[in-house]
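Single-structure report; data block below.
A short reminder: the numbers here are calculations on the coordinates, not readings from a lab. Keep in mind the model is a prediction, meaning the values are calculated, not measured. Methodologically, a virtual Cβ is constructed for each residue, glycine included, from the backbone with ideal geometry; neighbour enumeration extends over all protein chains shown.
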Amino acid sequence: ATTTDYGGVRIAPRDSESKATICFVHGGGFFAGSPHAYRGAVASLIARVPGGCTALLPKYRRAPEFTIADAVNDVVGQYNELTGPIVLAGDSAGAYLALRAAQQLSSKPAGVLLWCPYLLHHPTKDVQRSLSSDGDFLDVSSLQPARHLND
């Protein structure tokens, strides 16, 4: 694994040439965690991809000093430097950032993998605060049927 110019982590396959890339956004509640903490898990994941796969674990600015929009912009910027088929993935808060980044990309990913995404803790307050811009994949009304899950 190597550290990128932005402070993220790049992992290349040991035995084969890479045919695809996973851009994996780390979790941490928007204020903690780091790409380095996920190196082992992501290395294990890409080792199982037939044909070889590279991973980028982008570093993003975190709360409370920065906004979620800043973090999404960081992910989008680093994603846009990648080439070839790319799967955008993330865990927890990182899954939320991956979803928001996918909404903003001009070149859509080959796939999106969301592990335990932080999407909805309070049925209205968090959603309205987090998913309020035009063009979202999700909005408050589309999440209301899931409201009973948090009651």
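Remarks
- With a cut-off of 14 Å between beta carbons, the residues surrounding residue 85 carry a summed charge of +1, where Lys and Arg count +1 and Asp and Glu -1.
- Highest to lowest packing among 76-86, 47-57, scored as the average C-beta count within 10 Å: 47-57, 76-86
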